[in-house]
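Taking it in order: structure first as structure tokens, then the write-up.
The values are calculated or read from the model by the stated rules, or taken from the named source; none is laboratory data. For clarity, every value in this text was computed on a predicted model and none was experimentally measured. Using ideal geometry, Cβ is built from the backbone for each residue, glycine included, and neighbour counts are taken over all protein chains shown. Surface areas here come from the heavy atoms of the whole protein model, side chains and all, with no ligands, DNA or RNA. Shrake-Rupley method; radii C 1.70, N 1.55, O 1.52, S 1.80 Å.
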Amino acid sequence: MPFKKKTIPQKEPAPKKVLTEEPKKDLDEEGEGKSGKTFELLRGFRDILPEDQGRWNLVRDTIRSIAESYSFDRIDLPILERSDLFQRTIGKGTDIVEKEMYVFTDPSNRSVALRPEATASAARAYISHGMLDRPQPVKMWYLGPMFRHDRPQAGRYRQFYQAGFESFGVDESIVDAQLIVIGHQIFKQLGLDVKVEINSIGTAECRAAYLTELVAYFRQHRAKLSEDDKRRLQKNPLRILDSKEEVTRELLQGAPQILDWLDEKSKEHFMKVLEFLEEVEVPYVLNPYLVRGLDYYTHSVFEFVQADDTGDGAQSALGGGGRYDGLVEILGGRSTPACGFALGLERIVRALEAKGINPPERPPARVFFAQLGDASRRVGLKLFEEFRQAGIPVAEAFGKNALKGQLETANKLGVELTLILGQKEVLDGTIIIRDMESGAQEIVDVKKVVGLVKKKLYQEEGVEPVSHSPVVDS
Ligand code: HAM
């Protein structure tokens, strides 16, 4: 049956709208546009653009090569975990658990969380894969995104990348010291000047005695404290040492110090860590107020702080860590000493940017392939693969037709040679090599072009290109 054309009843033309004010954007409580035609990023989330990948690759590659040279094995942990994994280990009274976790109920009605950090996950993996029965220490490293719903600011995001190092199974001070050395080496290799701040918060027992003293001291001055610090005093008194309030910082000068409350074993452990650092000439600064924002720490805690602070108010801790001897047991495993640290990659990349360090994302092309028509594109596709396998970076503009436009692109890219393949050359089995500086052109056998280009570009320099050909077992 033929379709019947529907007739649309004629309507009065709608009166033209006169805009008297800017159209109001539908904003949510975070100030993000909800009804715009384009999608905007969520606050605190960002894209890492192709032009920034050079710096990111430098950081990732440096971390990977140092991790391997210290015999750390890579582990990849899930981004989503049961929410109580973090609640139980990071601590109920901490900012992360109280305010910053992305917690939701999954379709199986289970409470899950986007990981705010990965130490708890690493400890979970250590237990669930029976790593206690492997030779100790078990040394693992990871790199991936973490999520904290904190107030975004320079160097603080809601999704950020961490690279972490965790060493399980050995309680010796040398483990703490070597982890600090590893962090220090990473920054040194990246050319960043970083200060190590260090403290010891001892065992849970000596900390309990210290906290009684600390709370008693601050109670005398309670009236002077901000509401936030009063809350800290009640909920998580150790965090008062971290306060940014000026009054509190002044009061801290007369407050009892944790180092005076360490038992003999904790003191000895800490002194040894410092001695090892002196031995390998890693400069450190004792910071008696350094406590860190996670509850699982015992003994050494440390941070890598940017020495040449950019002064833009950005977060200056590029990394942090410490010993966490009780964590595996909290998660139901056998008592296992452990120590580790994590670095904040956005902050490191930012520091590199401030120093003007931006390595190229990949080696620039030295050869351009110009084609004229489909027959030459077909040969070009194959040729392109041969160049790639020989490790010679070639650029192309397969989408362009005219030679002029392609040569302009080649010029813009600053390549040394352009290969020109027209209809005639395809029929003859030849190709033109054009020297972009002198403009001289020669016609060569297409089968020999890869070898000839290699000779021209690399033999004079006395280096070999990096081959990308797959390794085949003979
Ligand atoms: P953390 O101090 O919470 O420790 O984080 C480590 C590093 O991650 C920080 O020093 C900082 O560079 C970066 N970072 C933290 N939060 C943000 C954020 N919102 N935006 C950008 N960067 C951030 C931990 O996470 C522990 N798991 C470290 C550890 C490993 N301890 C023992 N092993």
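A single entry from Glu281, Glu303 fulfils the requirement of being among the acidic types (Asp, Glu) and either without any contact (Cβ under 8 Å) to a residue 40 or more places away in the chain or open to solvent by less than 30 Å² (accessible area, probe 1.4 Å) (or both): Glu281. Considering only residues of segment 392-418 that are open to solvent by 10 Å² or more (accessible area, probe 1.4 Å) and among the small types (Gly, Ala, Ser), which is farthest from Met436 (Cα to Cα)? Selected residue: Gly399. Picking from residues in segment 116-161 that are of a type in the set (Gly, Ala, Ser) and open to solvent by 10 Å² or more (accessible area, probe 1.4 Å), the one that is farthest from the ligand (Cβ to nearest atom) is Gly130.
Looking only at residues in segment 332-387 that are of a type in the set (S, T, N, Q) and surrounded by fewer than 16 Cβ atoms within 10 Å (Cβ to Cβ), the one that is farthest from the chain's Cα centre (by Cα) is Ser335. Cβ separations smaller than 7 Å between residues 6+ apart or across chains give the following pairs from segment 180-209 residues that are closer than 16 Å to Pro283 by Cβ to residues that are assigned to a helix (DSSP H, G or I) and of a type in the set (Ser, Thr, Tyr): Ile186/Thr62.
Exactly one residue out of Arg124, Arg110 is at pLDDT 95 or above, farther than 30 Å from Gln136 by Cα and among the basic types (Lys, Arg), and it is Arg110. Residues in segment 328-342 that are more than 9 Å from the ligand (Cβ to nearest atom) and either closer than 25 Å to Pro145 by Cα or hydroxyl-bearing (Ser, Thr, Tyr) (or both): Val328, Ile330, Leu331, Ser335, Thr336. For Arg292, are the conditions met, namely being over 30 Å from Phe168 (Cβ atoms), open to solvent by 20 Å² or more (accessible area, probe 1.4 Å) and either assigned to a loop (DSSP other than H, G, I, E, B) or within 14 Å of the ligand (Cβ to nearest atom) (or both)? Considered against the rule, which asks whether it is over 30 Å from Phe168 (Cβ atoms), open to solvent by 20 Å² or more (accessible area, probe 1.4 Å) and either assigned to a loop (DSSP other than H, G, I, E, B) or within 14 Å of the ligand (Cβ to nearest atom) (or both), Arg292 comes out as no.
Scanning segment 92-115 for residues that are assigned to a loop (DSSP other than H, G, I, E, B), within 12 Å of the ligand (Cβ to nearest atom) and either more than 14 Å from Phe147 (Cβ to Cβ) or open to solvent by 30 Å² or more (accessible area, probe 1.4 Å) (or both) returns a single hit, Thr94.
Scan segment 128-150 for residues that are outside any strand (DSSP E or B) and under 19 Å from the mean Cα position of the chain (by Cα) and the total you get is 3.
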